[in-house]
Each structure stands twice: as C-alpha cells, then as structure tokens.
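Here is the structure we will look at, set down as structure tokens.
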Amino acid sequence: MSAIAPTAPTRRRPLERFLRLFTDVRDGEGLLLLLLTFHVFLILTAYYVVKPVREALILDQPGGAELKSYAYAAQAVLLLVLVPLYGALATRLPRRRLINVVTAFCIACLPAFYLLAGAKAPVGLVFFLWIGVFSLIGIAQFWAYANDIYTPEAGKRLFAVIAFGASSGAVFGAWISSHLIRVIGVNPLLLAAAAILAVSLILFNIIDLRSQAARHGRTGPAKEDVPIGAGNAFALVLRNRYLVLMALVIFFLNWVNTSGEYILSSVVKHAADAEVAAGTLSAGDVGRFIAAFYADYFQIVNIAGMLLQLFVVSRVVKYLGVPVALCILPVVAIGSYTAAALIPSLGIMRWVKTAENSVDYSLMNTVRQMLFLPTTREEKYKAKQVIDSFVVRIGDVLSAGTVYLGTTFFALTVSQFAWINVVLILGWLALAVATGLEFRRRVPVQEA
C-alpha cells in the first residue's frame, strides 16, 4: 500500500490569522465569530449604560435602599412566572422570531420607562425588577443562540473570544454612561440604551440570515425552523442529572460570591471607620474613601478579567479541558476566603477578591456557557433560562438570608462569614468535579 502524500498547509485568511493570537480559529470562522462578539458587546453595553438609571430611580423613592435589598427576592418570584412564559413562547415560535419578539419587547419598554420617569411616576421598583430580569434572560438568550449554532468542538475553541465581547461591553458601557450623564442627563440614558439594543437586534438578524444562507441547499429542514420542543422549563432541569448538577454549581457560585461582596463591603467600611477614629480621615470624607476604593477595585478587576479572557481562557480550556477549568474558580475562592478568615484586612481582601472576581468574570463565565454545548436545543433555550436567571437569583436570596441571620441573631464577625464561605466552597468544588465528569462523558475527548 502506497503512503498518502502530505497535503500542503492551508493558507489562512488575514482575519483568522489575527484571531489565532487569542484562540484556535479555523478558516472561514472569523467573520461569524466577530459578528457574534460584537453582538454580545452591544447587549452588555446597553445594560451598563442603563444601570445608573436603575440606581437613580429606586434610591430617589422613599425607602429606596430597603426596596433595593428586597428587590432581588422579588425578582426570583417574578422569574417563577416569566421563565415558563418564555418557555411557552419558545414552544410556539421559531428561533429567529422568538429572539426578535423578546428583544423588541425589551426595546419598547425603555421609551415607556423614559416617559414615566419624566412624569415623576414612582417606577423605581418596577424598573429595578425589569432591568434585573432583562440582564438575566436577555444574556441567557444570547448564549443559548451561540450554543445552538456551534458544535461542542467549535464552542470550546471560540467561546472565549465571544465572552471577551461581553466583558469589553460591560467596561465600555460603564465608561460611556459616566460621560453621557454629564451631557444628556440620567433619564435619556434609557433612550440611548434602546438605540444600542435596536442595533444589536439588526445585527442578530444579519447573523442569522448569513447562517441560514450558509446552510442553504442542505437536506432536511433548516435547524431554525424545527420546533424547539414543548417541555416545561423547570421540568427539563429537574429530570436531567447533568442540568441539576449544573444548576447546583451556579447556585453555590452565586451564594458564595454575593456573600463575599458583603464581606468585602464590611471590611471597607471598617477600614474607613478606623481611619476616622485615628484622625487620618474626616467623617465627611467616608463616602469619598469608599467610592475611591471601589473605583480602583472595579478597574483592576475589569482589566485583569479582560487580559485573562483574551490570553488565558482559551488556552486553559484547550490544554486542561472544560472539567478542570470548571474547578479553577472554587480552588481560587478557597484560598481567597481562607486568607480573608485568617487576616481580614483591607489589603488582603482587595487582592483575594480581585483574584476571585477576575477569574469569575473571565474563565468561569466562559466555561459555564460551554456546559450547555452538549445539551438539546430545548434545554439550551428553556433550561438555560431557569439556571441562568431563577437559580442565580435564588443564590443571591439565600446569601442575603445568610447575612441577615448572621448579623441579626448570631453577631458573626467577618472572619466567621469567611469560614462559612469556605465550607460552602467545598460543596461547590465537589459539585464542579461531578459536573465536569458528566460533561466529559457527554463530550468525549477528540483524538488528534
């Protein structure tokens, strides 16, 4: 038998050659990848443009701070109604119409809130609930679509770049909103966000039409025309071991992270009070001290997260695999909260939370989207809404309950709250290992 002559290496296009600096992009994948990345960039930009309006509207109401603390629990209750409603729409509408209808409804709400806010109507709580639901359902819908059009093999290679679009959109949206407020005021940010979302919707239709044209001529019905399925969203999760494990991982992640934010806030406030007691900070400058700390902290977290997203995430997934990548954040978090429990100082907390959040916003945010690659279309569009919205909020609510009980009835210290997180993380890590093993079973390692 004669040997097969080696084929000449394929000459890659300039776009793919550039993108290969960040991940393994194959010939012909570059344009769709960039379009999807810009699409999610616009969605996150719109969300962060409108976030300052959320704070202004709810805190301007009597008892606004208390309303804000209760709103997350109200969002969880609201999602019990909205997630099945989204599932019913997904059952009746084809993919493109589903995304168009949901996004168009969200866009239409923004001018309505602008008019109500201009008329001094008390819409702070309603808008807080609306933006919370949009931030969960809208982003989960995008990732369901990305999971739907990519194979597991392609998704593991390319999702890191797409997630960079989300990270950079958050940074750009926060930056542009701070500048727009000085020019147009607070409430007009609602109209600016509506315009950005409208551009993202146009871009989505361009992407989907291009994908449909690329599949033109293949046998069988087009994938986007096949019904998504008639199952109940919550039932899809509860009867699938893999989805239950995934939901528990996300639940513990949010419980730990939200409790960690309380720990950091307590340490920052204690540090400010200590400076006032020492005479190095005036009582009137406490707010400025806290704001300056968080401004620097968020900037460092965002920069570190973006660098990890661009240069590290895809390589971790490629060389270590999704199961190992899923366990990295809980391992980092164990070290973070053990250090916080032993040395609950501002200097230690700043850097351990920077490490935790930068890994969360980059690696973990990408890997949790990859977990849906080996699921059915119905699970992508329906079960993902349950996990990425309802389960996320339940984790936040349980964290709030932990803080309430710990401060009201047990007078727990910062160190004791940190030890509680360490115990929770051990359970989270065990669930992450189990979820990673199930992912590996569903997506066998491909041989070269």
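Values computed for the structure shown
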{"quantity": "Listed residue (V443, A163, I176) projecting farthest to the positive dipole end of the chain, Cβ model", "calculated": "V443"}
{"quantity": "Kyte-Doolittle mean at least -0.5 and Cα axial length at least 15 Å: DSSP H helices in the chain", "calculated": "30-59, 64-92, 95-118, 124-149, 152-184, 189-214, 241-278, 286-311, 322-342, 346-359, 392-408, 414-442"}
{"quantity": "Global form of segment 379-432, assessed from the alpha-carbon gyration tensor, a/c cut-off 1.5", "calculated": "oblate"}
{"quantity": "Cβ-derived FRET efficiency at R0 60 Å, L15 paired with A119, nearest 0.05", "calculated": "0.80"}
{"quantity": "Expected-Rg normalisation [2.2 N^0.38 Å, Cα atoms] applied to segment 299-390", "calculated": "1.24"}
{"quantity": "Leading residue at positive end of dipole, segment 266-413 (Cβ point charges), from M306, Y294, L371", "calculated": "L371"}
{"quantity": "Accessible area in square angstrom per residue, segment 287-367, 1.4 angstrom probe", "calculated": "42 Å²"}
{"quantity": "Calculated P(r) tail over 27 Å for segment 152-304, as whole % of Cα pairs", "calculated": "57 percent"}
{"quantity": "Contour excess over end-to-end distance, with Cα ends at R442 and W175 and 0.36 nm allotted per residue", "calculated": "92.0 nm"}
{"quantity": "Relative contact order of the chain, defined on C-alpha pairs under 8 angstrom at six or more residues apart (%)", "calculated": "27 percent"}
{"quantity": "Calculated over the chain: convex hull of Cα atoms, volume per residue (Å³)", "calculated": "176 Å³"}
{"quantity": "Gyration tensor over alpha-carbon atoms, segment 78-219, equivalent ellipsoid semi-axes in Å", "calculated": "30, 19, 14"}
{"quantity": "Sites excluded, trypsin sites (Lys or Arg not before Pro) in DSSP loops with at most 16 other C-beta within 10 Å, longest stretch of the chain", "calculated": "240-448"}
{"quantity": "Cα-Cα over 28 Å, subset of K51/K120; K269/K384; K120/K382", "calculated": "K269/K384; K120/K382"}
{"quantity": "Packing-based order for 187-193, 228-234, 37-43, 411-417, using average beta carbon neighbours within 10 Å, highest first", "calculated": "37-43, 187-193, 228-234, 411-417"}
{"quantity": "Residues in segment 384-411 that a label on V77 would reach, taking backbone N under 16 Å of a point 7 Å out along Cα→Cβ", "calculated": "393-394, 397-398, 401"}
{"quantity": "Cα convex hull volume per residue for segment 313-448 (Å³)", "calculated": "114 Å³"}
{"quantity": "Top positive-direction residue, dipole computed over the chain with Cβ charges, set A144, L197, L245", "calculated": "A144"}
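The values are calculated or read from the model by the stated rules, or taken from the named source; none is laboratory data. Predicted model only: the values in this text are computed from it and were never measured. Note that each Cβ is placed from the backbone with ideal geometry, even for glycine, and that neighbours are counted across all protein chains shown. The area values use the complete protein model at the heavy-atom level, side chains included, leaving out ligands, DNA and RNA. Shrake-Rupley method; radii C 1.70, N 1.55, O 1.52, S 1.80 Å.
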